[in-house]
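Quick one: the structure is below, and I'll ask about it shortly.
What follows is calculated from the coordinates using simple rules that are stated; it is not laboratory data. Just so it is clear, the model here is predicted, and its values are computed rather than measured. Here the Cβ is made from the backbone with ideal geometry for all residues, glycine too, and neighbour counts use every protein chain on show.
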Ligand SMILES: O=C(O)CCC(=O)C(=O)O
Ligand SMILES: [Fe+2]
């Protein structure tokens, strides 16, 4: 889903923030108003793991070398105030642009054409926007984050053994992958395949959930063993399978219930946004294909040498990201990189490659990547949704193809050349166009 368009490994300069520039998209709020309240900031300070990172929970390759005092002693949370600055990303109010009544049964309001146009314009200009007033309860967002932290901070070996993907090709030998064994109480009670699987080192997985390592760079200078390693671990969650199982373990079962509820909310949001961006054929988006990725970006003792997720475009129709208060997500627009600042209770909606093709390139799948941090771990949750299985996407710019064709091409490219060529491979040639 999130494979990689590798360009360079040097972080490009970030454009300075130009607050509330003269843009056609309305900036609907003052970031100060949306900042976490004092009690929440205190809770986050005391529960944040940066103070005493639990390196036992990191995959072995991510653990700092024994003599690296700078990372062992870091305690940045107490010195850095949590400030949430507005950024240049267009902001859209969900409630104003949709017909779904998400708040109460009495709060209907007219759908505003200006707001709809603003979404379309954001998707043309940026390929992403920030969504406010999305109707997902802040308690749900906080609880998922909290339970994700609890699960990620389990010892690495426990995570490897708890989350069985049912995929025998995986290993637990310290190579990126997904575990095969299942621990006591972690198995779904009715013998179904575990819908939650653990991975690390790359966000690119095969359809069966195995980690897909990109081919290595041919440059001998760079061609070390870890060349394609990305500083990330995560849970891959199949939403359709999630409702078929129950865990005996209370921690896992609570996490499962939270994810199930969150998945439904995200499906609602994605469906509405897709309607606004269309009209498109209804099978160009299928809620049954929805997956969640819950990520932790561990602290990295050499953050300038690696990415949490390398520069890429998403292969989805739409991706919806919720990030914690750490930051690190960057997006590319007009030859510049922009920080996507963490702003409480907001979601980031990305256009994926499938939507770019369906829209005849009217909307752009946005290039983005995630930086890692020396002092803080970062948690984010992504929802990704795709066209209905087998649907052929027809467009004036591309040869007809299905998402399965696209995914197979991406996986082939990753294995052979190490980077995703993406839609480029499906474009009509000049010869075909004439
Ligand atoms: O963690 C994030 O903020 C972004 C994740 C992402 O880009 C992806 O999973 O494709
Ligand atoms: Fe992405």
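At a 10 Å Cβ-Cβ cut-off, how would you order 271, 313, 429, 364, fewest neighbours first?
429, 271, 364, 313
When the Kirkwood radius is taken over all Cα pairs of the stretch 284-419, what Stokes-Einstein diffusion coefficient follows at 37 °C and 0.692 mPa s, in µm²/s? Walk me through the numbers before you get to the answer.
Working: Rh = 16.1 Å.
The Stokes-Einstein estimate is 204 µm²/s.
For the stretch 396-426 and the stretch 120-149, write down the distance between their C-alpha centroids in whole Å.
Taking the Cα centre of each part, the stretch 396-426 and the stretch 120-149 sit 28 Å apart.
Now for a separate question. Counting only C-alpha contacts under 8 Å and six or more residues apart, can you give the relative contact order of the stretch 208-367 as a whole percent?
Values: 180 pairs, mean separation 35.0, N = 160.
Over the stretch 208-367, the number comes to 22 percent.
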